[in-house]
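Here's the structure, in structure tokens; my notes come after.
The values are calculated or read from the model by the stated rules, or taken from the named source; none is laboratory data. As the structure is a prediction and not an experimental result, all values here were calculated from the model. Don't worry about glycine lacking a Cβ; one is built from the backbone with ideal geometry, like all the others, and counts go over all protein chains shown.
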Amino acid sequence: MMAFRFRIPLFAAILFALTMPNAFSGGKVHVEGQFTFPLSSKKIPKDIKTESWSGEVVGVADGDTITALHNGKGERIRLYGIDTPEKRQAFGKKAKQFTSSMVYGKTVEVKPKDTDRYGRTVGMVSVTGESLNEALIKNGYAWIYRQYCKESFCKDWLNLESAARYGKIGLWSEPNPIPPWNFRHGGTGSSHTNKSVN
């Protein structure tokens, strides 16, 4: 009796499987949303902030902070991976003048990397293919911000900083230049320790 009970549903399932394809035109079955394996992951749309953009530089606050037009508005850019002397420091004004002479009134390419706690875009800035970030280091107007410079090219930047230091170029002509992150906190300390970005 038990075996007979299971035969009826089994027979019905086989009959359904054999007759179902014929219920559709041409005997083909189309199942909406069929899966293919392995399942492919959908590409996540790129964050707009990570895409490069171009704009005219309309302001230079100091050696490492500029304002460029982006989508019709001024966007403040903090240069990635470097720290220039503060305005009240030796070479602070010269660093600002260097940045101004290189990019002010010109169209630059901005490659955003992050946003800092002040809401500024932190990024790479280049003009006619030349990196402003790197030019400041080479010409002795910036320290590598070791705490934040984590890209592979940061090692190359350290070599540029060393070359400027040994060549006594720019701020390195001073006997004991005070790193800006120490100056902001009223200290002197080593030029290799960083605390905060300003």
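Filter segment 163-198 down to residues that are modelled with pLDDT of 95 or more and surrounded by fewer than 13 Cβ atoms within 10 Å (Cβ to Cβ) and give me whichever is nearest to Gln89 (Cα to Cα). Taking the candidates together, the pick is Lys168. The listed residues are Lys87, Lys28, Lys46, Lys93, and the only one of them that is at pLDDT below 95, under 30 Å from Glu174 (Cα atoms) and surrounded by fewer than 18 Cβ atoms within 10 Å (Cβ to Cβ) turns out to be Lys87. Restricting Lys87, Lys94, Lys73 to those that are basic (Lys, Arg) and touching a Phe, Trp or Tyr at 6+ places or on another chain (Cβ under 7 Å) reduces the list to Lys94. Tell me which residues, restricted to segment 108-150, are assigned to a strand (DSSP E or B), more than 16 Å from the chain's Cα centre (by Cα) and surrounded by fewer than 18 Cβ atoms within 10 Å (Cβ to Cβ). Val127, Glu130 - these are the residues of segment 108-150 that are assigned to a strand (DSSP E or B), more than 16 Å from the chain's Cα centre (by Cα) and surrounded by fewer than 18 Cβ atoms within 10 Å (Cβ to Cβ). Residue count for segment 68-84 satisfying the condition of being touching a residue at least 40 places away in the same chain (Cβ under 8 Å) and on the phi > 0 side of the Ramachandran plot: 1. The residue pairs whose first member lies in segment 153-164 and is closer than 20 Å to Pro177 by Cβ, whose second member is among the β-branched types (Val, Ile, Thr) and part of a helix (DSSP H, G or I), and whose beta carbons are closer than 6 Å, counting only pairs six or more residues apart or on different chains, are Trp157/Ile137; Leu160/Ile137; Glu161/Ile137. Consider Gly81 carefully, then state whether it is within 19 Å of Tyr148 (Cβ to Cβ), among the small types (Gly, Ala, Ser) and touching a strand residue (DSSP E or B) at 6+ places or on another chain (Cβ under 7 Å). In short, yes. Here Lys113 meets the list (1) touching a Gly at 6+ places or on another chain (Cβ under 7 Å); (2) closer than 24 Å to Gly170 by Cβ almost entirely, failing just condition (2).
The single residue among Ala68, Ala61 that is out of contact with any Ser or Thr (no Cβ under 6 Å at 6 or more places or on another chain) and farther than 22 Å from Asn182 by Cβ turns out to be Ala68.
Residue pairs whose Cβ atoms lie under 6 Å apart, sitting 6 or more positions apart in sequence or on different chains, and linking a residue in segment 85-97 that is under 13 Å from Asn139 (Cα atoms) to a partner that is modelled with pLDDT of 95 or more and surrounded by fewer than 16 Cβ atoms within 10 Å (Cβ to Cβ), do not occur here.
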